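Contents: one structure, followed by commentary.
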Amino acid sequence: MTDSTVPFSPIALVGTIAILGAYLAAAWAFASGIAGNARKSRRLVNASVYGMYGFSALVGLASALMIYAFVSHDFSIKYVAATSDTTMSTAYKVTAFWGGLDGSLLFWVLVLAMFSTVAIAVNHRKHRDMIGYVVATIMVVQIFFLSLLIFTKNPFNTYLTTPPIDGQGLNPILQNYWMVIHPPSLYTGFVAATIPFAFGIGALASGRLDDLWLGSVRVWMLICFGFLSLGLILGGRWAYEELGWGGYWAWDPVENAGLIPWFTATAFLHSAIIQEQRGTMKTWNLALVVMTFFFTVFGTFMTRSGIVQSIHAFGEDNVLALQFVVFLSVILIVSIGLIVYRSNKLATRTEFDSFYSREFAFLLNNWILLACAFFVLFATMFPTISEAVNGSRVSVGIPFFNKWMTPFGLVLLFLAGASPLLAWRKTTRERLKSQFAFPFAAMAVTIVVLLVAFPQTKHLSSLFLDQLKLPVSLLNFGLIAFVVASIGQEFWRGTAVRVRQTGGDAVSSLLGLVLAKRRKYGGYIVHLGIAVIFFGIAGKAYEQRTDRTIEKPAQVTKDTTGGAGDPSGASTWQFGGYTFTYEAIGHTSDDHKDAVTAQVGIYDHGDRIATVYPAKWDYHKGEGQMTTEVAIRVRPTEDIYVVLTGFDLDSGQANFTAFINPLILWVWVGFMILGFGTLVCLIPQRVVDKMQWKPTTRLGRAADVGSIGVIVLAVSLAISSQARADAPAQSNVPVEHVPAGMGMGNSGVGYAVKNRPANDTEARAMKEILCPCGCARQSILDCECGTAADLRAQVQALMAGADLSTASSRDRVYDAVLARFKTDYGLSILSTPPSNVPWLLPVLAAIGGLGLLLVVGRRFVTRGAIAVAAAPKPDGEDERYADKLDDELADTD
Amino acid sequence: MNLRMLFRLSAPLAKGAVDGIAAPDDPMRGMKLGGFGLALAVGWVFILWANNFHVTAPVVMVCLAYLCVVALILNLWRTGAAAVAPDDANDAWGRPLGAKGELEKEKKTLLKAIKEAEFDLAMGKLSKRDSESLIKQYRARAIDVIKELDRVGDGTELSPREQIEREVKARRELAAQDKPSKRAKNVAEKRAKAADAKVDAKLDAKLDAKLEPKVEQAEMKPEPEPEPAAAEPTAEPAAAFADIVELSLDDIDAAKALFAARDDVGPVERIDGGVSIAVADGSNVAALFAACEHAGIKISRISVRRAGESP
């Protein structure tokens, strides 16, 4: 009989048994899979596959029990008590499943189990000679994560003493609807990389290295790419709405952990096409598959071991770090060993007919993507490496990343437009002119128009080094026009050809074209999405920001949403062409939080265009950690982004930070286009075969196209509808008394507006100095806390009275201020590494990589020239077989 | 009654355990699926009844947990049944996936490539000359592939001997490409003297890579008696080089004796795990393979190189 003082949870008991059972099932599936394929034994391979299904059922059982524990408030389980409480909504209780380290590992195992079940069920028969190895590889990964669960991070651990009556609640900043879907999508992207890896290892182990396995792998890599993209963009959206700093990407290590495998997965998706088309680059493709998987595990390692500092990381855990290092080593050793072992079967003779070919453009694209992946990896790890080498942690901030990634990004953007214009094998000079004329013309016209109409686009930005400055914005817009024109031309000409071939109308020919060549045109849509995302990113350069302290709200007595407010007086301020009126502030409270909500009216040329409600929420279980609830008014050209950064309910004083973020909507729209393109690529042939989409009348076709358009528009609007803080329950919220500084944390009144830079040199220095308050690696120019305000004051004091009349004197003062901060606070206070090493290494790697690419490319092209020159002329065709071939060609779309 | 017996006794029900939960050709498919669904439905109704049919989050989770339990029991049983099922020696499953899949894949790729080249021509990406040249090459290869597929489809899947012969032919074709025309020679000399020097080494690696699986396949599948010499394809036209063939085999002495008696084979040397033989110009390596088979000598690996080249 259980002692009443000792908690007993049947859920925890059964859950733990399920995990232990899963461990055994994984071990069985692993052993029988390897033995089965090695001995060519059908029964063992089948036993392995069913063992894996059983494993998935056990993991599903453990996960269902875990969520049951959350929704039934079983606080005898430590993990449940640590990440949830009774007041949380059911959705957030389910979210809490992956809100902590232990649960996130179980969630990882669950997602991989589901994916592997689907992957194996689909490919079981097609790849029977390697499926046992595939199962075994997946099971090794599962065994690793299960080991972590069983030996160090069991989410079913219970209290040995009386459990708490209520839990501690989920981290407040995770209680956001984007957080409900962001981690699962990123995990799914990470996990999806395991399937291609398992097939790659299976192919290597079985020696079956033809192109068959590539088809299965490509689909899963596309899924990996899609979910990683979704995870990254949702993470950006979450940061944009929840962190209140006006941006969406800060090169945070955990963001980078998702980005690095995204680069390698994208590289694989391109180089796999070369293998399919030309039968070459087998080793390279396998290496990319291995790298993608390695980086997903490495990203998990970064997030969970605490080796990097991030607001997203789970905290330091040396034991976990060691376990991950061992696992990563095993992945590398086994993968490289197998590739070397099978090198004779992987050896192919790569030949390119010309530099002006699509395959060479893909090779270039691979080099850029790999360079991006390794640069981000290097820069992310540099603080840790520097600390290990010389004991001082050097920070690598946003400017460092931007200076390097911008040129890479521009080259990739160019390739996104140029590759579709090139033919496989060779594009002759005349064809090149004909293909590139329109896109280049579009680019030139765009640049000229921007120069005339928007001269601010001439602004020079640093690339690589401070001394190298280019009109990046102008180039970016020009290249976006180039890509859009290139893709548009491809669709236009392709449709025209299809119309000629089928005799159909333009709309059905376009749809037929996309469905018949889904990978090609789906890929073009993805490229278009990338161009639109770049369009949104380009707006970041023109971001405006203001910080205002307003003493009292306006007395709003009229309808606050109908346009009758008063856009004048002391409660208003002008910014970015708009007038903002601080109208009210109120305090509300519910079971799990206090909320202080301000009401701000926004006017455009006297017309009230919006009422927004920026807020601060203080969760009762949040240990004083307030969340920022940003208010956003979305316009196609710009977002008006209002943050309540401080308040005093007694006096009504409030501090606001407002941003004008040009074009940012297009980042999200671009992603939706990218997602749509990915889905097009994933449409299975049998679905296309079943589509009998043949409306007979023009009206019917128009109705179909219209319906599709409406659906796409509705989905787009629904997704892009901007979040804002909930409006107060009543429009005129009665102001309750809340002590001054209630739950203010670091967001006291006026901190954000205190000691703002008085000149460009001060602003430059403040941008270079990172705030040490624990924020999202923001500079003291952007951070809203009191620490940042104090440090800004120090900068101003150091610059007081200094001669800033000439450029050289300004540089001297700037350097002196940074040197002083470095002395006082250490290297980590600066956002750009002062040492030459982090600058030099990427330069050398980039130059070396480019040189290697040219050498390799030249060699491939030379081989191709020899092969073409020496190729025997095909004999006359056997008529019977020529007819047969023609018949088959007639059935091929 | 032990577990193995239990699984075996349930063999009539276990057919699906080997071919899937309920293979389409399984006569008991409906019953199995019905049983699975019934167990699930009964359990779910019971859970709902116990909760007064109030569908709450915990109830949904219990229902999902029950689904997992049913799936677990089913798969554990299938695992056991599969593990104790007898391995059928003649089971086609254990044979390596033959050349047919590869050929089908290659044909599909070639058909798409031809279509793509036509499409690129129509779109203006390729010039007429380039597209014609490309399509000609693709068509020639596609016809070869269709021919081979026809043979495979007729049930005359390539024997190891034929596969070897095909590889040798392919090798010679590739080797012939290494003797470029005058124009190609100029190109090569001007642009890639160094690259050209490594071509042969790569060729050998490629050939080895191609040969290996075929020989492995030969081991898997008992080969019928060799065809009479008359049925063998005519020998390749005499080439101006001699090949060194290295054979890894199980009975070295017998092989030495066999090759020593042949006129078309030069000096035979013993190497580690096999023999190395010099083949006179025009010799058919496939014939050597067939002779070994006829003599009961099992060859596990063959590699071919030019005389004078390092192994």
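A few notes on this one:
- The calculated FRET efficiency for residue A:551 paired with residue A:790, based on their beta-carbon distance and R0 = 30 Å, is about 0.85.
- Above-threshold pairs, the threshold being 21 Å between Cα atoms, out of A:469/A:540; A:78/A:621; A:282/B:298; A:517/B:112; A:433/B:128: A:282/B:298
- For chain A, the 222 nm mean residue ellipticity estimated from helices alone, with every DSSP H stretch of n ≥ 4 adding -39500 (n - 2.57) and the total spread over all residues, rounds to -20000 deg cm²/dmol.
- Difference of contour (0.36 nm per residue) and Cα-Cα distance, residue B:264 to residue B:39: 73.7 nm
- When peptides A:275-283, A:262-270, A:844-852, A:92-100 are ranked by their average number of other Cβ atoms within 10 Å per residue, the highest-first order is A:262-270, A:92-100, A:275-283, A:844-852.
- In sequence order, calculated HN-Hα J values of segment A:766-771 (Karplus, 6.51, -1.76, 1.60; Hz; x Gly/Pro): 5, 6, 7, 9, 7, 7
- Shielding by partners - mean other protein chain Cβ count within 10 Å, residues of A:209-216: 3
- Amide H contacts for residue A:753 (H built 1.01 Å from N in the peptide plane; partners 5 or more residues away or on another chain; cut-off under 5 Å): none found.
- Proxy reagent accessibility, fewest Cβ within 10 Å first, across B:106, A:387, A:879: A:879, A:387, B:106
- Separation in nanometres of the label points that stand 7 Å from Cα toward Cβ, at residue A:763 and residue B:295: 9.0 nm
- Amide H contacts for residue A:424 (H built 1.01 Å from N in the peptide plane; partners 5 or more residues away or on another chain; cut-off under 5 Å): A:358.
- Residue A:802 paired with residue A:856, simple spin-label distance in nm, labels 7 Å along Cα-to-beta-carbon: 4.6 nm
- Projected onto planes of every orientation and averaged, the convex hull of the alpha-carbon atoms in segment A:79-146 covers 5.2 nm².
- The slack between residue A:815 and residue A:756, meaning 0.36 nm per residue of separation minus the straight C-alpha distance, is 19.3 nm.
- Cβ-Cβ distance of residue A:469 and residue A:847, R₀ of 25 Å, FRET efficiency by 1/(1 + (r/R0)^6): the value works out to about 0.80.
- P(r), alpha carbons of segment A:395-466 - 5 Å bins starting at zero, rounded %: 3, 13, 14, 17, 17, 14, 11, 7, 2, 1, 0
- For residue A:86, residues with placed amide H under 5 Å, excluding near neighbours: A:167
- Arranged from fewest to most other beta-carbon atoms within 10 Å of their beta carbon, A:527, A:592 become A:592, A:527.
- Protection proxy ranking of A:480-493, A:532-545, A:44-57 - average other beta-carbon atoms within 10 Å, highest first: A:44-57, A:480-493, A:532-545
- Summarising the label geometry, the points placed 7 Å from Cα in the beta-carbon direction at residue A:387 and residue B:55 lie 5.0 nm from one another.
- Shape parameters for chain A, alpha-carbon atoms, Rg then Dmax in Å: 29.5, 95
- Compared with the direct C-alpha span, the chain from residue B:46 to residue B:147 gains 30.2 nm at full extension, assuming 0.36 nm per residue.
- Computed 3J(HN,Hα) for segment A:786-792, one whole-Hz value per residue from the Karplus formula 6.51 cos²θ - 1.76 cosθ + 1.60 where θ = phi - 60°, is x, 4, 4, 4, 5, 5, 4, glycine and proline marked x.
- Estimated vicinal HN-Hα couplings, Hz - segment A:612-618 in sequence order (Karplus 6.51, -1.76, 1.60; Gly, Pro = x): 10, 10, x, 8, 10, 10, 10
Read-outs: derived from the displayed coordinates by stated rules, not from any lab. Fair warning: this is a prediction, and the values are worked out from it, not measured in the lab. Cβ coordinates were reconstructed from backbone atoms using ideal geometry, including for glycine residues, and neighbour counts include every protein chain displayed.
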